[in-house]
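The values are calculated or read from the model by the stated rules, or taken from the named source; none is laboratory data. Since the model is a prediction, treat every value here as computed from it, not as a measurement. Because the Cβ atoms are built from the backbone with ideal geometry, glycine has one as well, and the counts that use them run over all protein chains shown.
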Amino acid sequence: MSKGRSEAAPGASGILLKYLQEQNRPFSAQDVFGNLQREHGLGKTAVVKALEQLAQQGKIKEKMYGKQKIYFADQDQFDVVSDADLQGLDARILALTAKVQGLQQSCRHMEAELKELTSALTTPEMQKEIQELKKECAGYRERLKNIKEATNHVTPEEKEQVYKERQRYHKEWRKRKRMATELSDAILEGYPKSKKQFFEEVGIETDEDHNVKLPDP
């Protein structure tokens with residue numbers, strides 16, 4: 001069996017002992033590993049071995065909760081705290097908690113302001129954007145000028161006349177198409193061949209043959 005599996009890695013015991021004493025609360029081996037792995041790069045096996053060795057040496061306490069072992073600092077090493085001291089600590093905790101909440105809110109405001117500033121255009125970018133918009137506006141003004149100066153404008157009367165003619169031709173187209181369809185359907189009732197053969201013999205060309213579609217009214 002290799003050394004890494006039989007005993008804790010050098011330095012792991014000191015790190016874990018200091019951590020448990022500073023935190024002074026119960027932890028499982030998995031909790032300790034998860035909390036310290038990123039900072040110290042400890043492997044889970046090393047953490048388990050170190051905790052077991054510390055418990056065997058009497059430097060920390062070990063308790064079984066169901067099937068899980070819980071480790072915590074030896075409470076005999078700490079001074080007895082009076083009720084007054086506990087109340088003072090509770091008051092300090094409340095004050096620090098309020099301070100933390102205030103700092104967190106301040107951080108959120110600063111993060112929002114930073115995000116807004118980051119998404120905003122810089123001065124050179126803004127100047128470039130203004131120049132591009134000026135060019136675009138100049139192009140629109142030139143186009144508008146040409147439209148106003150043009151001599152081939154269509155009068156409202158002429159426009160209305162074009163629409164009326166279109167409606168008339170559309171109505172006539174629809175009428176004739178309906179008449180032709182009704183007539184061909186009547187003939188096909190007694191015609192011995194197919195509709196396609198009938199159209200070929202008579203020489204009828206449909207809109208569909210020329211990919212033409214009756215436009216909307």
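Some notes on this structure:
- Residue ID - surrounded by the fewest Cβ atoms within 10 Å (Cβ to Cβ), chosen from residues in the stretch 13-45 that are in contact with a Phe, Trp or Tyr (Cβ under 9 Å, 6 or more places away or on another chain) and aliphatic (A, V, I, L, M): LEU36
- Each residue in the stretch 24-57 was checked for being within 20 Å of GLN75 (Cβ to Cβ) and modelled with pLDDT under 90, and 2 of them qualify.
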